[in-house]
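Beneath this line is the structure, given in structure tokens, with notes to follow.
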Amino acid sequence: MFGNPLYPTYQTFLALGIAAVICGALMPLWIRILRFEGIGQQVRADGPQRHLVKQGTPTMGGVVILVAVAITCLLMADLSIELVAVLLATVATGLLGLVDDVTSVTHGRSLGLTPHAKMIGLTLICVAFCLVAVNFCGVIPEVRFPGGLVIDLSSIMTVFTVGDRVYYIPWLYLVFTWLLIVGLSNAVNLTDGLDGLAGGTSMIAMLIMAAIAFLHGNPDLAIFGAACAGACLGFLWFNCYPASIFMGDTGSLALGAGFACMAVVTNSEIVSLIIGGLFIIETLSVMIQVVSFKLTGKRVFLMAPIHHHFEKLGWAETKVVIRFWIVSAAFGALGLALFFQLG
């Protein structure tokens, strides 16, 4: 571990800077490699017409984000079971996104893996992480709400013994964790539609989660959150409008999963939904659009996700992104405040 572990706040901020530098230093080389190999983004055919100029822009910037996060954690943090579990789940989800990105590029379309295949992969990651969190990280299978309400999800439990150790499978909490991780990973993925949008909002959310991990008494997990925020910061240098590279599913799915996993380990699952409020809004806009069109044949939004709706209204892409950053920061501040009200 670099730095002085007696000053965990210093360690956390140093981790942010190191991850930003690593990501910023490696990204130009990665962009050149992707351009040389002809690996570029496949723009959705039904998207805004002005986005067609982005066709062929290098994607899979999430690879460098994950490399920066992993190196920073190895350098700056003690490899506690909580950190290893969250890091492995994040990297595994990123690898799933990488397969999705590669499939998309190979087939020359913006779809990638089938929803069924992606869901199977996410489910396996979620189940493995939840069981490790409960049996090795001391996570209690309950959901805490601001104000003191606590819902116990351990009522349906399978208990079995292997050797001298007892293991638990809390089925209700397993389903809840699955919904949280799958939901947030896909929510961040849906948010990744404008230059700098997913990177900036993920940076804000991860900064707040780093603070929560620190307050929860887990400095190693705080370093992970800070590293994710720092990697996003370094990535934004190249992803701001007009973007030189996109993070792809490799980055967006991984960041969403990492965000959700941190919430599980810090017992802040409900608060995380407030912190990630913008991601939730993006997801709800898609759901509302689909349901409305199927039931009435009419669309509620000019285009979904909702960031495209504002583009259709005539907002410049940079205006949408910056205003969404502001909204994300407001949700983050509210979520951090509510964290102190947890039971």
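Scanning the range 301-320 for residues that are surrounded by 15 or more Cβ atoms within 10 Å (Cβ to Cβ) and within 16 Å of Ser285 (Cβ to Cβ) gives Phe301, Met303, Ala304, Pro305, Ile306, His307, His308, His309, Phe310, Glu311, Val320.
Taking only the range 255-280 into account, find how many residues are over 19 Å from Leu174 (Cα atoms) and assigned to a helix (DSSP H, G or I). Break it down stepwise before answering.
First, the residues of the range 255-280 that are over 19 Å from Leu174 (Cα atoms): 255, 274-280.
Filter once more, so that each one left must be assigned to a helix (DSSP H, G or I): 255, 274-275, 277-280.
Number satisfying all stated conditions: 7.
Of the listed requirements (1) surrounded by fewer than 24 Cβ atoms within 10 Å (Cβ to Cβ); (2) assigned to a helix (DSSP H, G or I), Gly217 misses just one: (2). Can you name the condition, by its number, that Thr201 falls short on among (1) touching a helix residue (DSSP H, G or I) at 6+ places or on another chain (Cβ under 7 Å); (2) among the polar types (S, T, N, Q); (3) farther than 24 Å from Ile18 by Cβ? With (1) touching a helix residue (DSSP H, G or I) at 6+ places or on another chain (Cβ under 7 Å); (2) among the polar types (S, T, N, Q); (3) farther than 24 Å from Ile18 by Cβ applied to Thr201, the lone miss is (3). Is one or more of the residues making up the range 243-254 touching an Asp or Glu at 6+ places or on another chain (Cβ under 6 Å), under 27 Å from Leu149 (Cα atoms) and either of a type in the set (A, V, I, L, M, F, W, C) or in a helix (DSSP H, G or I) (or both)? Within the range 243-254, none of the residues are touching an Asp or Glu at 6+ places or on another chain (Cβ under 6 Å), under 27 Å from Leu149 (Cα atoms) and either of a type in the set (A, V, I, L, M, F, W, C) or in a helix (DSSP H, G or I) (or both).
Just so you know, in the range 194-243 the residues that are of a type in the set (Phe, Trp, Tyr) and either in contact with a Pro (Cβ under 6 Å, 6 or more places away or on another chain) or under 17 Å from Ala263 (Cβ atoms) (or both) include one that is modelled with the lowest pLDDT, and it is Phe214.
For the range 282-301: of the residues being among the β-branched types (Val, Ile, Thr) and in a helix (DSSP H, G or I), which is modelled with the lowest pLDDT? Here the residue is Thr296. Of everything in the range 115-168 that is part of a loop (DSSP other than H, G, I, E, B) and exposed (fewer than 14 other Cβ atoms within 10 Å of the Cβ), the residue that is modelled with the lowest pLDDT is Gly163. The residues of the range 294-343 that are more than 30 Å from Ile151 (Cα to Cα), of a type outside the set (Lys, Arg) and either touching a strand residue (DSSP E or B) at 6+ places or on another chain (Cβ under 8 Å) or touching a residue at least 40 places away in the same chain (Cβ under 8 Å) (or both), listed by number, are Met303, Pro305, His307, His308, Glu311, Glu317, Thr318, Val320, Val321, Phe324, Trp325. All conditions in (1) closer than 21 Å to Leu98 by Cβ; (2) under 16 Å from the mean Cα position of the chain (by Cα) hold for Thr114, with the sole exception of (2).
State whether the residues of the range 261-281 include one that is farther than 30 Å from Ile39 by Cβ, touching an Asp or Glu at 6+ places or on another chain (Cβ under 7 Å) and surrounded by 19 or more Cβ atoms within 10 Å (Cβ to Cβ). So far as the range 261-281 goes, yes, one or more of its residues are farther than 30 Å from Ile39 by Cβ, touching an Asp or Glu at 6+ places or on another chain (Cβ under 7 Å) and surrounded by 19 or more Cβ atoms within 10 Å (Cβ to Cβ).
The values are calculated or read from the model by the stated rules, or taken from the named source; none is laboratory data. Just so it is clear, the model here is predicted, and its values are computed rather than measured. Positions of Cβ are backbone-derived with ideal geometry, glycine not excepted, and every protein chain shown enters the neighbour counts.
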